[in-house]
Ligand SMILES: [Zn+2]
């Protein structure tokens, strides 16, 4: 049978252990194949990684079979979980040595020269003003932890790493970030800056 | 050099500003996005119109670089399988 012909939720729950094992092997192959397509161009992913990711994803998928609502193909839903598993692990490796203290210090240094690359400031007046308002708001409108969280976002730190550094739950960290964003947004609005201004200044 | 020792780039500052512009009172989180992103990807591939749930996924993807990275990888896989 091809992957599109298998009734995955049924086969993976099969009480016949041989049938279930065959479905698990087939799904692992599908995930492995997809991960290879998505990640093969990266220099930091080996064949062994791909196999680990596929195996780990398979377990996560089996664990949450009940959450599959049939609103997409099963393999699409499963592949999304596999990618999340793989990327989460790859991001963790990149950020594992960064501490909360480093991020707090990063926020403190925001006003120092050189902290924002020259090309951000550029010659455009509206861009310079926007960055100045943002910097001012990050420095004065946030709690230290909110500031660390926003610096993490600025640095493109993965959300899971921010959660880990803050030492809170995912939902508490999410709320902290969301509150911080709303506070910053209010400061931008108070300075008369709109979404359109941002899009124009940064060519978004 | 550690990531936090490099100057912030215009992409980084621009993307946080864009995120602020898009911030609303109620937002999906990453787990909710993961639950629906497969459906969103298939909707996109089929060029079908997006409903309310799908448009909240779209908003989350605009805000969240990680989910966006995973979504783009998913699209790569789905397109390769077409
Ligand atoms: Zn997300």
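The values are calculated or read from the model by the stated rules, or taken from the named source; none is laboratory data. What you see is a predicted model; the values in this text were computed from it and never measured. All Cβ positions, even for glycine, are placed from backbone atoms using ideal geometry, and neighbour counts span all protein chains on display.
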Out of A:135, A:92, A:109, A:129, I need the residue that is part of a helix (DSSP H, G or I) and in contact with a strand residue (DSSP E or B) (Cβ under 8 Å, 6 or more places away or on another chain). Which one?
A:135
Single unsatisfied condition, residue B:47 versus (1) at pLDDT 80 or above; (2) more than 13 Å from the ligand (Cβ to nearest atom); (3) crowded, with 19+ Cβ neighbours inside 10 Å:
(3)
Can you tell me how many residues in region B:16-44 are over 24 Å from residue A:194 (Cβ atoms) and more than 15 Å from the ligand (Cβ to nearest atom)?
4
With the condition kept exactly as written, say whether any residue in region B:58-78 is out of contact with any strand residue (DSSP E or B) (no Cβ under 6 Å at 6 or more places or on another chain), more than 15 Å from the ligand (Cβ to nearest atom) and at pLDDT below 95.
no
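Quick grid of which residues meet (1) more than 7 Å from chain A (Cβ to nearest Cβ); (2) closer than 30 Å to residue A:183 by Cα:
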| position | (1), (2) |
| --- | --- |
| B:7 | no, yes |
| B:11 | yes, yes |
| B:32 | yes, yes |
| B:46 | yes, no |
| B:59 | yes, yes |
| B:65 | no, yes |
| B:69 | no, yes |
| B:74 | no, no |
Checked region A:190-204 for anything more than 9 Å from every other protein chain (Cβ to nearest Cβ), free of Cβ contacts under 8 Å to residues at least 12 places away in the same chain and either in contact with a helix residue (DSSP H, G or I) (Cβ under 7 Å, 6 or more places away or on another chain) or not in a helix (DSSP H, G or I) (or both); matches are A:192
Here is a list of conditions, (1) closer than 19 Å to residue A:198 by Cβ; (2) more than 8 Å from every other protein chain (Cβ to nearest Cβ); (3) outside any helix (DSSP H, G or I), and residue A:156 meets all of them except one; can you say which number that is?
(2)
Take the residues in region A:30-73 that are in a helix (DSSP H, G or I), at the interface with chain B (Cβ under 9 Å from one of its Cβ atoms) and in contact with a helix residue (DSSP H, G or I) (Cβ under 8 Å, 6 or more places away or on another chain), then tell me which one is surrounded by the most Cβ atoms within 10 Å (Cβ to Cβ).
A:34
